[in-house]
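Below you'll find the structure, written out as structure tokens, and then a few comments.
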Amino acid sequence: MLQQTQVTKVLEYYQKFVDRFPDVVSLAGAELQDLLKTWEGLGYYARARNLHKAAQVVVRDLEGHIPVDYAAFRKLPGVGEYIAAAVQSIAFNAPYAVVDGNVKRVLARLFLVKTPINRSASTRIFQEKANQLLDHSVPGIFNQALMELGATVCRPKSPTCVVCPVNAYCQALQMARQSEFPVRQKPKPLPEYHVVAAVIHRDDQVFITQRKPEGLLGGLWEFPGGKIQVKETAEQACVRAIREETNLLVEPIEYLTRVKHAYTHFKIVMDVFHCHYQSGEVVLNEAIDYRWITVNQINQFPFPRSNHKFIPLLTQGKEDYNE
DNA sequence: AAGGCGGGGAA
DNA sequence: TTCCCAGCCTT
């Protein structure tokens, strides 16, 4: 959960998660949909899928025992260098140094590392520095201390160097160039797409589809839609996209709202329409499953944040489009 | 080595 | 708006 996610955000989910899946057996035996529902809103849903797989490997192949050695633990799905080092050092006192965003920032300032931290080439450099610094007598404590230093003192902006316990060793501070480190490669601007989503009504039900299990928002449910093409109105795009994705013929009835949302690699502006089901049998294209549900069943399915931005509007007496 | 993969809090 | 968060996996 903590991968690329702030601790305060994880705290909203962690207790709920371990209450629901208290051990590796319950996690391995759970339905992925239930995991995703508990994970809903936390993002990076591959983490939940990998955690599910890892639990199943532990139960099926390892007799329910979490591997105690680094190499075996590292092989589990979703376990990379950081998680392996963190768990092995903190839980088992094994001498492995962690390198996360905090550690990179601290080390970049301490040693004036000029390699951009968002380039893969920097990983080896920071890992070697961390390995050299690691206190082998208390590796778990050392790792957490270095991360905590980065989170509380050696912050990205306005670090409080005056209270830093290692300020005497900081090369960036000596040159008064803390703000220049760590170096970061300029990110490319995010492309923005104009898309539509359809709330298709038929009797007292609405139509939702499930995304394929891998990739963006894998396994989540959503109100179907698609990109608006050039020289096409939003309504036209709505009808075309729904026909392409579901084979259903629909009629846009009322404009609901506009939603803006940012993903890791692009941004969307999404126009949402209430639509009447007109005709056709469901034939899915990209989606792997569908449901006709009532609005009050929506909370039984994991939806992406972009959909949650308009879902509340569906339950405010606006769902009556039967006639 | 680069890019895909969420969402939100802080500045 | 921009930055960046206790990273990992695929291409």
Segment residue A:9-residue A:276, length gained on full extension (0.36 nm per residue, minus Cα span): 92.3 nm
Accessible-area value, residue A:194, 1.4 Å probe, nucleic acids and ligands omitted, Å²: 70
Accessible area, probe 1.4 Å, largest first, for residues A:52, A:265: A:265, A:52
Largest to smallest accessible area among A:70, A:290 [probe 1.4 Å]: A:290, A:70
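Under a 1.4 Å probe, what is the accessible area of the stretch A:1-79 per residue, stated in Å²?
Working: 4690 Å² over 79 residues.
Here the residues of the stretch A:1-79 average 59 Å² of exposed surface.
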Residues in the stretch A:1-17 reached by a label modelled at residue A:185 [backbone nitrogen below 11 Å; 7 Å Cα→Cβ]: none
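Please find the FRET efficiency linking residue A:193 to residue A:18, where r is the Cβ-Cβ separation and R0 is fixed at 35 Å, and quote it to the nearest 0.05. Show your work: numbers first, answer last.
Details: r = 37 Å, r/R0 = 1.07.
Plugging the Cβ-Cβ distance into 1/(1 + (r/R0)^6) gives 0.40.
Using a/c under 1.5 as the rounded threshold, could you call the stretch A:96-187 rounded, prolate or oblate? The axes a ≥ b ≥ c are square roots of the C-alpha gyration tensor eigenvalues, and prolate needs a/b larger than b/c, oblate otherwise.
Working: a/c = 1.71, a/b = 1.12, b/c = 1.53.
Oblate is the answer for the stretch A:96-187, as a/c is 1.5 or above yet b/c matches or exceeds a/b.
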Radius 13 Å from Cβ of residue A:46, net charge of other residues (Lys, Arg +1; Asp, Glu -1): +4
Residues of the stretch A:218-234 with amide N under 14 Å of the 7 Å Cα→Cβ point at residue A:253: none
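Only bridges with both residues in chain A count here: give the DSSP antiparallel percent, nearest 5. Before the final figure, lay out the partial values.
Numbers: 24 of 34 bridges.
About 70 percent, rounded to the nearest 5.
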Accessible area, probe 1.4 Å, largest first, for residues A:169, A:14: A:169, A:14
Cα gyration tensor category, rounded, prolate or oblate, for the stretch A:192-314 with a/c compared to 1.5: rounded
In Å², nearest 10: area of residue A:148 left accessible to a 1.4 Å probe: 100
Accessible-area value, residue A:298, 1.4 Å probe, nucleic acids and ligands omitted, Å²: 10
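Can you tell me the dipole magnitude for chain A around its Cα centre, using point charges on the Cβ only (Lys, Arg +1; Asp, Glu -1), in Debye to the nearest 20? Working shown, then result.
Details: 37 positive and 33 negative charges, 370 e Å.
The dipole magnitude comes to about 1780 debye.
May I ask you to compute the full-extension gain from residue A:123 to residue A:145, defined as 0.36 nm times their residue separation minus their alpha-carbon distance, rounded to one decimal in nm?
Working: separation 22, 0.36 × 22 = 7.92 nm, distance 1.98 nm.
That pair, residue A:123 and residue A:145, stretches by 5.9 nm at full extension.
Quantify, in whole percent, the carbon and sulfur part of the accessible surface of chain A (1.4 Å probe; protein heavy atoms only). Intermediate results must be reported in sequence, preceding the final value.
Details: 9440 of 17920 Å².
Roughly 53 percent, rounded to a whole number.
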Charged-residue dipole, Cβ positions (Lys, Arg, Asp, Glu), the stretch A:41-139 about Cα centre, Debye nearest 20: 520
Relative contact order (%) - criterion: Cα under 8 Å, at least six apart; region: chain A: 15
Extension gain, residue A:56 back to residue A:114 (0.36 nm per residue minus Cα-Cα distance, nm): 16.7 nm
Overall form of the stretch A:15-113 per C-alpha gyration tensor (a/c, 1.5; a/b vs b/c): oblate
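The values are calculated or read from the model by the stated rules, or taken from the named source; none is laboratory data. Since the model is a prediction, treat every value here as computed from it, not as a measurement. Virtual Cβ from ideal backbone geometry, glycine too; neighbours counted across all protein chains shown. Areas reflect the complete protein model, heavy atoms only, side chains present, ligands, DNA and RNA absent. Shrake-Rupley method; radii C 1.70, N 1.55, O 1.52, S 1.80 Å.
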